[in-house]
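Report on the following structure.
Bear in mind these aren't lab numbers, they're just calculated from the coordinates by the rules spelled out. Not measured: the values here are computed from a predicted model. For neighbour counting, all protein chains shown are included, and Cβ atoms are generated from backbone atoms with ideal geometry for every residue, glycine included.
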Amino acid sequence: MNSSIVVVVLASAVAYGTPLLYAALGELLAERSGVLNLGVEGMMLVGAVMGFLAVQKIDGAKGVVLPLAVAVAALAGAVAALVLAFLVITLRANQIVAGLALTILCGAAGLSSYIANDFELATDPARYSFEEVNAFGLQDLPVVGPVLFGQTWLVYASWVCVVLVGLYLSRTRPGLNVRAIGEAPAAADAMGISVTKYRYLHTIAGGAFAGVGGACFSLALTPLWVDGLTGGTGWIAIALVIFAFWRADLCLVGAYVFGAFSALPLILQAKGYTVTPQLFQALPYVMTIVVLVIVSSGIGRRRLGAPASLGVPYVREER
Amino acid sequence: MSLPRVRIEKRLKQRRFLMVAVPLGSLVVAHIAIAILLVATGHPPVATFRRLFDAAYIADGALTNSLIAATPLAFTGLAAAVAFRMKLFNIGAEGQLYFGAIGASGIAILLAGQSTPVLIVAMIVGGAVLGAAWGAIPGLLRAFLRTNEIITSLMLNYVAALVLNYLIFDSLSYWRDTSATGLVFPQGKPLVDAATWPVTTIGSVAIPFGFLVAAAVAFVVWVLYTRTRFGFEAQVIGDSPRAARYAGMRTRRKIVAIMCLSGAIAGIGGASQMGDFRHVLDARGLQQANYGYTGIVVAALARYNPFAVVFAAFLLGGLQNAGYTLQSAEFPSGLVGVMQGMILFAMLGGELLVQYRISLARPVRHVRPQTESAS
């Protein structure tokens, strides 16, 4: 039963949803503080290439090198985000243009490709990669076994991150401050919260998550280097944050739903239906638009709205 | 807090020399940053730059190829500039260009027996109409349901790409080559020779017809924004929507109109891809080129001035062309993207100097403003 195609596809939906989930959690943190970072794809690629580089160049046992590589990836994403944060927070640059610039700078035809080319990363597969771990010996359970308990450490860690980010935003003082800044930076500033500091920290944390998301590709899913191996996941992550109404728990659901939609045509084709794969592939994007319309209309705006200051630089003198 | 405080104040008047000095300074800063990167990774910076500029603007045929790379960027740059000026952040030029290409090639297949001038006009109109239609979706959503156009236009890029894939790879559509080879290797129907746009040759440089069209569009946009009531109102709406509504301007209509115009320009860019260069609905090639996103970079570099957009497109087109030309050699791949990103970052940073005055103030004690009004 566990080798049936449905289970295989579900398991791969979880595996492929994981980089999306990391990136979306990062974007969630940034957006909650009011920074719309369109550079996710670029930060992911920089994380992916640096993580891969670390695996290839650091000597040591597998159990040491892999976590280290993930840390390097997170750091790389964070540094990329720092550049963006400086531009959009301190220099008040347009967030959309700056985000796109970051993606072009770091992206498939930019820095990530430059680094990969310079260290000749495309020649060899990764020395170590994350492998599936049989969690609590439950991998052999029907259906849920391979889907939930036969995944890599990166997947299990992502669940912890979802809980942590969710609790942080909804149950802690700093989390409340972040949400306040996202809604009304002037009011938050008047309360004595440093808008600049919070926005910097959350944009950078978002970059670190995106970097780890990128590393999911180069260290687990496709442990070799191809330019642009994230294949647009960063852009879907931006959609996912909206789709999930800016909530961490729904990011998890959404990531797997999006993952399943890209896998669904395979199931149906295998069952002998003639399907148009583009129809399913387009669904996440169309659903995101629908959700966005609901969110921005009357009812949605009150309960589920986007952070009100999203994308707007905060200038104390101009409030 | 005894550090000297940096004070940043908005300039009331923009100083003229800064509008020139800052972009030039940004270019210098960007090149220094890239030179540092090159040295750090063991490449000779001067020689690398020289090869790059040689391949972009100097070598035989370089200018011709740079113009080919610049043409779509001029269109998508103008599309972005038109919308961004009104603070409508249409990042959907990518998808609107695809639809323009679909419209133009569809009409060229339909009117296969016609003469070249008829076909050119038909293709431009077809591209513009479908591009405008695709741009109208985020425009209507924004105008009537207040839905953020940034995200919707971004999402629609992916939908447009999937439509393109469907037409060529997963259906026997009107656009697909259904001859024997076309069924095995999916590709678009080749357009008739009469649908090939003419080339103007000056000296040894061939100027694509599309580039001239882009220049004409730039002129129209300039007239529209500086000489007409429509353009004036659009800018007021962008700067201060409340004031615009108070003055009785029709905000919603204008939002839809600007999004359609932006989409139409990107759509003509798609038509130019069909007429000037590709002559077949090339689903994969169009998607790999990322014209739409690079166009936003072009528009930002040009500070949304239509004539500067054409010039910036030429500069970035040159870089891209050099990137392709040097791809095979031991030239550092990815350098072109790094350069584009760095130049734009430096420009964005420099923008602060144009808009604001920065001064160092000595730490002042005990002088906190008593009445800090919260708005």
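Side notes on the structure shown:
- Between B:Phe17 and B:Thr226, the modelled label-to-label distance comes to 2.3 nm, taking each label 7 Å out from Cα in the direction of the beta carbon.
- For the residues B:Leu63, B:Leu326, B:Leu97, a GNM of chain B with alpha-carbon springs under 10 Å puts the largest fluctuation on B:Leu326.
- Residue-averaged beta-carbon neighbours from other chains (10 angstrom radius) around A:220-227: 0
- With neighbours defined as other Cβ atoms within 10 Å of a residue's Cβ, the residues A:Ser170, A:Ser33 order from fewest to most as A:Ser170, A:Ser33.
- Amide proton proximity set for B:Arg176, modelled H, under 5 Å, gap of 5+: B:Lys189
- Scaled against the 2.2 N^0.38 Å expected of a compact globular protein of N residues, the Cα radius of gyration of segment A:5-318 reads 1.00.
- Annotation: the residues A:Arg127, B:Arg176, sorted from fewest to most other C-beta atoms within 10 Å of their own C-beta, follow the order A:Arg127, B:Arg176.
- Most fluctuating residue given options B:Met123, B:Met342, B:Met259, as computed from a GNM of chain B linking Cα atoms under 10 Å: B:Met342
- Pairwise FRET efficiency - A:Val286 versus B:Arg7, Cβ, R0 = 51 Å, nearest 0.05: 0.60
- Computed over Cα pairs, the Kirkwood radius of the protein assembly as shown leads via Stokes-Einstein (1.002 mPa s, 20 °C) to a diffusion coefficient of 81 µm² per second.
- Compared with the dominant Cα axis of chain B, that is its longest principal axis, helix B:251-272 is turned about 50°.
- Folded to 0 to 90 degrees: helix A:153-171 orientation relative to chain A principal axis, Cα: 20 degrees
- For segment B:65-313, the Kirkwood hydrodynamic radius from C-alpha pairs, put into Stokes-Einstein at 37 °C and a viscosity of 0.692 mPa s, yields a diffusion coefficient of 182 µm² per second.
- Between 0 and 90°, nearest 10: helix A:40-57 axis offset from chain A longest Cα axis: 50 degrees
- Estimated vicinal HN-Hα couplings, Hz - segment B:147-154 in sequence order (Karplus 6.51, -1.76, 1.60; Gly, Pro = x): 7, 4, 6, 4, 6, 5, 5, 5
- Cα centroid separation, segment B:218-259 to segment A:152-185 (Å): 41 Å
- Relative contact order computed over chain B (Cα-Cα under 8 Å; 6+ residues apart), in percent: 37 percent
- Over segment A:5-318, relative contact order from alpha-carbon pairs under 8 Å, at least 6 apart, %: 36 percent
- Result for chain A in a Gaussian network model with C-alpha springs under 10 Å: among A:Thr18, A:Thr233, A:Thr123, the largest mean-square fluctuation is at A:Thr123.
- Over segment B:66-225, relative contact order from alpha-carbon pairs under 8 Å, at least 6 apart, %: 28 percent
- Burial ordering of B:Val6, A:Val155, A:Val65, B:Val338, fewest other beta-carbon atoms within 10 Å first: B:Val6, A:Val65, A:Val155, B:Val338
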